[in-house]
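S.K.: Have a look at this one before I ask anything.
The values are calculated or read from the model by the stated rules, or taken from the named source; none is laboratory data. This structure is a prediction, so every number in the text was calculated from the model and none was measured. Please note: Cβ atoms are built from the backbone with ideal geometry, for glycine as well, and neighbour counts cover all protein chains shown.
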Amino acid sequence: MNLTINNSTSNTTTETACDSYTWSVNGMTYASSGVYTYNTTNGSGCPHTETLNLTINNSTSNTTTETACDSYTWSVNGMTYASSGVYTYNTTNGSGCPHTETLNLTINNSTSNTTTATACDSYTWSVNGMTYASSGVYTYNTTNGSGCPHTETLNLTINNSTSNTTTETACDSYTWSVNGMTYASSGVYTYNTTNGSGCPHTETLNLTINNSTSNTTTATACDSYTWSVNGMTYASSGVYTYNTTNGSGCPHTETLNLTINNSSSTTTNLALCPSSLPYNWNGQSINSAGTYTYTTTNSNGCDSVATLILSINATSTSTTNLTLCVNQLPYSWNGQTLTSSGTYTHTTTSSTGCDSIAVLNLTLTKSDLGNYVWNDMNQDGIQNSNEVGVSGVTVSLLNASTLDIISTVVTDAYGQYRFSPICAGSYKSQIQAYRQIMYSQVKMHRMMP
């Protein structure tokens, strides 16, 4: 037997590779350290073992993710980057393998905003809530949405509001030239416009309105009125005014509504008769001639002066003393029928209008005539004691001048007769013829009524 012993073979390869190693023996790529074998058949047809002592050293890398504002200087290579991107820097690590530094860079830009503003008096910047009262450039730094600086810039122009204050004192009303308005009461009034800078301009009016004053006096006077306001005396009704200045320096008008009522007077010339005295005139008892006045108030409230010029006309008096015999009654005198003695008056009106008094003092006389008739037996005409009266004898009384029978009586039982009454005069008696001689003594008896 031909024995041929063929030896198995082997080969050991020691390799150090970075990250991976592709073993040419078998085409395999290994990514980790280890002992790898690959069995094949050698040329003798015997096993051949390839052994790979593999050390895999890893490439290293470091990735830095940075976010920067505006630019970033990478400390790995000292480079400054101004834009976002992925940047690498290759070196060798301690194992001799590649070391890759990777920079994932985000460049966020700082931002800014500039506001140009023009404001009046002050401006409150919404960015920071600050209020500025003067022009200038103001900044405010914040962080934008990317976390980078954000600068707000305010270019501020402050234009001032303007104002003007006018202090006025006027009477009754004031028309303000600024706005053409007319004001009638005191107060502070404003009018807003825009000044040359486009800012508010405020005109202020401190207004004092002092009122004109007036006073109306209504007066009623008699004949004339002196107005104490101006010392003027007016004699006729009317409306009068007097203008002065009141305590506020404004017009003061005094108005006088004046009614002038006239005093009135009357004069009465009166002639009275004494019988009218005392004369009662307006409450006065007047007993003599003269001028008298009486002042009352007329319907207008003014003096009404009544003047009485009084004259006394004398009363005329005539007195008649008359004696009548009763048989002359009734006696008619001035329309009066008088039947007895007494004093009678008859009043008429004289040419002066006064009483003309006629006075009649009437005295009545009553006489008896007669005595008796007797039989005168011795016819001596003397009645003796024995010679008695004769009754039934008719005795007539005759007017001595005319012999007219005035009265006839008959003697009584005693021979007496009487003619009564009769008045004084011349009488004759006649006795009726009788057979006896008779005598009569006639006696006259005057009898007063």
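S.K.: Looking at the range 34-85, which of its residues are of a type in the set (Ser, Thr, Tyr), more than 30 Å from THR142 (Cα to Cα) and without any contact (Cβ under 8 Å) to a residue 24 or more places away in the chain?
M.R.: Within the range 34-85, TYR36, THR37, TYR38, THR40, THR41 meet the criteria.
S.K.: Just to verify a result, which residue in the range 90-146, among those that are assigned by TED's automatic domain parsing to the domain that holds ALA68 and in contact (Cβ under 8 Å) with a residue 60 or more places away in the chain, is nearest to VAL76 (Cα to Cα)?
M.R.: PRO98
The rows are residues; the columns are (1) over 30 Å from HIS150 (Cβ atoms); (2) of a type in the set (D, E, K, R).
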{"residue": "GLU15", "(1), (2)": "yes, yes"}
{"residue": "GLY27", "(1), (2)": "yes, no"}
{"residue": "THR49", "(1), (2)": "yes, no"}
{"residue": "LEU54", "(1), (2)": "yes, no"}
{"residue": "THR63", "(1), (2)": "no, no"}
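S.K.: Being under 20 Å from GLY249 (Cα atoms) and in a strand (DSSP E or B) is the filter here, so list the residues in the range 174-188 that pass it.
M.R.: Within the range 174-188, TYR174, THR175, THR182, TYR183, GLY187 qualify.
S.K.: Where in the range 99-173 are there strands (runs of 3 or more DSSP E), lying wholly inside it, with at least 1 residues that are surrounded by 13 or more Cβ atoms within 10 Å (Cβ to Cβ) and aromatic (Phe, Trp, Tyr)?
M.R.: By residue number, 123-125, 130-132, 136-143.
S.K.: Report yes if THR295 is exposed (fewer than 13 other Cβ atoms within 10 Å of the Cβ), part of a strand (DSSP E or B) and either not acidic (Asp, Glu) or not assigned by TED's automatic domain parsing to the domain that holds ALA117 (or both), otherwise no.
M.R.: Numbers: exposed (fewer than 13 other Cβ atoms within 10 Å of the Cβ): yes; part of a strand (DSSP E or B): yes; either not acidic (Asp, Glu) or not assigned by TED's automatic domain parsing to the domain that holds ALA117 (or both): yes.
The answer is yes for THR295.
S.K.: Here is a further query. Identify, from the list THR204, THR217, THR291, the residue that is in contact (Cβ under 8 Å) with a residue 12 or more places away in the chain, of a type in the set (Ser, Thr, Tyr) and under 30 Å from SER351 (Cβ atoms).
M.R.: None of the other options fit; the residue is THR291.
S.K.: If you don't mind, another one. Is it true that some residue in the range 83-97 is out of contact with any Gly (no Cβ under 9 Å at 6 or more places or on another chain), within 30 Å of GLY147 (Cα to Cα) and in a loop (DSSP other than H, G, I, E, B)?
M.R.: yes
S.K.: Just the residues that are part of a strand (DSSP E or B) and under 30 Å from TYR174 (Cβ atoms), please, taken from the range 218-239.
M.R.: VAL239
S.K.: How many residues does the range 353-389 contain that are surrounded by fewer than 16 Cβ atoms within 10 Å (Cβ to Cβ), within 27 Å of CYS273 (Cα to Cα) and either of a type in the set (Ser, Thr, Tyr) or in contact with a Cys (Cβ under 8 Å, 6 or more places away or on another chain) (or both)?
M.R.: Adding up the residues that qualify gives 1.
S.K.: Here's another thing I want to ask about it. Across the range 419-449, which residue is surrounded by the most Cβ atoms within 10 Å (Cβ to Cβ) among those that are at pLDDT 50 or above, under 25 Å from LEU362 (Cα atoms) and not aromatic (Phe, Trp, Tyr)?
M.R.: So the residue we want is ILE422.
S.K.: Take the residues of the range 299-332 that are part of a loop (DSSP other than H, G, I, E, B) and at pLDDT 90 or above: which is surrounded by the most Cβ atoms within 10 Å (Cβ to Cβ)?
M.R.: Step by step, filter the range 299-332, then rank; the result is CYS302.
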